[in-house]
């Protein structure tokens, strides 16, 4: 459905040849051409590793699959607090807000309370949400993925970079996810009052970057993580970085990928221009 077989075939045949093209500081990397499924760049892309808040892309898809009323008002409860790392960030307990806003907070600011509340308010509760999450993993063919909760706080939420690229591909069927994550800032309603929130991916909205879907993640176990679909020239690509030790390392990897893609785009444009010129010369040459 999402070129999963193409991914696997390209990867199995070609992964070894691309590993040394670009040097990465992230532990796990994959860059894929969305149209052909070709693996353009990779580093240890088949090994499962903690993915932190990249989990929330799967959470959002499972929630949207249930087709619940996005305008229904939900309440943040004490059970939505972080019991894994005991972090204090997130929308406050007692907050009343629409389900749509919880999706926006989970995807844009990576709010853990919002993601937990979305799972708790799933039809049938958290147990039914977990079952639906496992079915989604199977439906997408995520061979190296294990998710045990909706936020990414648990180090047991693990996936390979290649699996996360498949998740990115799957988000193409969810226009709301792209709409939410491709904006630099969003206005949301919290307790009936407007609040401006900012995307955790600083590249979103930056001149020269056409990012269609994005999600960042960070825990001490997962390191700095990033997934994004972007357009470079005439090519749509999916980029996954997992396990960078620092924000600067992840940023350097992104810059190296972009330079490589820009170089590829320039080469492709030059080749296409040459082909057009050759075709024009052939058309203008008189028949013998």
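One table, with the values for the structure above:
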read-out	value
All positions within segment 169-184 that are in a helix (DSSP H, G or I) and over 27 Å from residue 83 (Cβ atoms)	169, 170, 171, 172, 173, 175, 176, 178, 179
Residues of segment 149-168 satisfying the condition of being assigned to a loop (DSSP other than H, G, I, E, B) and in contact with a helix residue (DSSP H, G or I) (Cβ under 8 Å, 6 or more places away or on another chain)	149, 150, 151, 152, 153, 157
Within segment 105-120, considering residues that are touching a strand residue (DSSP E or B) at 6+ places or on another chain (Cβ under 9 Å) and within 17 Å of residue 191 (Cβ to Cβ), the one surrounded by the fewest Cβ atoms within 10 Å (Cβ to Cβ)	109
Subset of segment 216-234 [surrounded by fewer than 17 Cβ atoms within 10 Å (Cβ to Cβ) and touching a residue at least 24 places away in the same chain (Cβ under 8 Å)]	233, 234
Test for residue 192: is it modelled with pLDDT under 95 and at positive phi	yes
Positions within segment 45-104 being surrounded by fewer than 23 Cβ atoms within 10 Å (Cβ to Cβ), in contact with a strand residue (DSSP E or B) (Cβ under 7 Å, 6 or more places away or on another chain) and in a helix (DSSP H, G or I), in sequence order	99
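Yes/no matrix, rows are residues, columns are (1) at pLDDT below 95; (2) surrounded by fewer than 23 Cβ atoms within 10 Å (Cβ to Cβ):
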| site | (1), (2) |
| --- | --- |
| 205 | yes, yes |
| 208 | yes, yes |
| 214 | no, no |
| 257 | no, yes |
| 261 | yes, yes |
| 264 | yes, yes |
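The values are calculated or read from the model by the stated rules, or taken from the named source; none is laboratory data. Since the structure is predicted, the reported quantities are computational estimates derived from the model, not experimental observations. Cβ: placed from backbone, ideal geometry, glycine included. Neighbour counts: every protein chain shown.
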